[in-house]
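Encoded as C-alpha cells, the structure appears first; notes follow it.
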Amino acid sequence: MRLYITVILLVVLLVTAFIFGSQNNQLITLNYMIAKTEISVAAAVSLFTSIGFFLGLLAVMLFKLLKIIKPKNSK
C-alpha cells in the first residue's frame with residue numbers, strides 16, 4: 001500500500017512540474033562554468049526535475065545497499 005501512495009504522489013508531483021513548465025514558454029539563460037545557453041522554462045523544469053529524481057533515486061539505492069551490506073560485515 002505504501003508503494004502505491006508513493007508512486008501516486010510522485011506522478012502528481014511530476015505532472016505538476018511539467019504542467020508548470022509547459023505554461024511558461026519564456027527563454028531563460030543558464031550560465032555554466034564553461035558555457036552559457038538559453039532554453040525555455042519548460043525545458044529547464046523538465047531537465048532539473050529529471051536530474052533531481054535520478055539523484056534522489058540513486059541516494060535511496062545507495063542507502064539501501066549500505067543497509068544490506070552493513071549487517072553482513074558486523075557478524
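The values are calculated or read from the model by the stated rules, or taken from the named source; none is laboratory data. Please read these numbers as outputs of a predicted model, since none were measured by experiment. Don't worry about glycine lacking a Cβ; one is built from the backbone with ideal geometry, like all the others, and counts go over all protein chains shown.
General observations
- Those residues of the stretch 20-62 which are of a type in the set (Phe, Trp, Tyr) and either over 17 Å from the mean Cα position of the chain (by Cα) or in a strand (DSSP E or B) (or both), in sequence order: TYR32
- The residue pairs whose first member lies in the stretch 11-26 and is of a type outside the set (A, V, I, L, M, F, W, C), whose second member is surrounded by 13 or more Cβ atoms within 10 Å (Cβ to Cβ) and not in a helix (DSSP H, G or I), and whose beta carbons are closer than 6 Å, counting only pairs six or more residues apart or on different chains, are ASN25/SER40.
- Any hit, the stretch 23-37, residues being in contact with a Gly (Cβ under 9 Å, 6 or more places away or on another chain), of a type in the set (Gly, Ala, Ser) and farther than 25 Å from VAL7 by Cβ: no
Matching residues to (1) modelled with pLDDT of 85 or more; (2) surrounded by 11 or more Cβ atoms within 10 Å (Cβ to Cβ):
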position: LEU9; (1), (2): yes, no
position: ASN24; (1), (2): no, yes
position: ASN31; (1), (2): yes, no
position: VAL41; (1), (2): no, yes
position: GLY52; (1), (2): yes, yes
position: GLY56; (1), (2): yes, yes
position: LEU66; (1), (2): yes, no
position: LYS70; (1), (2): no, no
